[in-house]
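Just so it is clear, none of the values below were taken in a lab; they were calculated from the coordinates. The structure presented is a predicted model; accordingly, all values stated were derived computationally and were not measured. Cβ coordinates were reconstructed from backbone atoms using ideal geometry, including for glycine residues, and neighbour counts include every protein chain displayed.
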Amino acid sequence: MKSAYELAMERLNRDSPMAQLSQAQKEQLSDLDSRYAAKAAEKELFLKGEMDKALQSGDLETHDSLKMQLATEKKVLLDELESKKEQVRREGA
């Protein structure tokens, strides 16, 4: 007997089948994940260092500004990553 989850997944695949990715596409997606994780880590390390400096000097306004900048830059990178991944997925369709 199938679970409700299995039945729902069957209906979902029947209504909008998932595209199968080639090995090259999988490698491209993996490469994109790695590159963007590195970019995010680089930005985070730099900005957290700047945030620490601002806290040590007592400049809370700069610290908060850098914190918001970090969140914004992470979002931009994530959006850019998803856009590029979608482009790779469409190439195979």
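Only one of these is surrounded by 14 or more Cβ atoms within 10 Å (Cβ to Cβ), touching a residue at least 40 places away in the same chain (Cβ under 8 Å) and not hydrophobic (A, V, I, L, M, F, W, C): 85, 43, 67, 74. Name it. Spell out how you get there, then give the answer.
Numbers: 43 fails: touching a residue at least 40 places away in the same chain (Cβ under 8 Å); 67 fails: touching a residue at least 40 places away in the same chain (Cβ under 8 Å); 74 fails: touching a residue at least 40 places away in the same chain (Cβ under 8 Å).
Step by step, each of 85, 43, 67, 74 is checked, and only 85 is surrounded by 14 or more Cβ atoms within 10 Å (Cβ to Cβ), touching a residue at least 40 places away in the same chain (Cβ under 8 Å) and not hydrophobic (A, V, I, L, M, F, W, C).
Residue check: is residue 30 more than 26 Å from residue 79 (Cα to Cα) and of a type in the set (Ser, Thr, Tyr)?
On the way: more than 26 Å from residue 79 (Cα to Cα): no; of a type in the set (Ser, Thr, Tyr): yes.
Judged against the criteria, residue 30 is not a match.
Among the candidates 91, 6, single out the residue that is out of contact with any helix residue (DSSP H, G or I) (no Cβ under 6 Å at 6 or more places or on another chain) and touching a residue at least 40 places away in the same chain (Cβ under 8 Å).
Numbers: 6 fails: touching a residue at least 40 places away in the same chain (Cβ under 8 Å).
Being out of contact with any helix residue (DSSP H, G or I) (no Cβ under 6 Å at 6 or more places or on another chain) and touching a residue at least 40 places away in the same chain (Cβ under 8 Å) holds for just one of 91, 6, which is 91.
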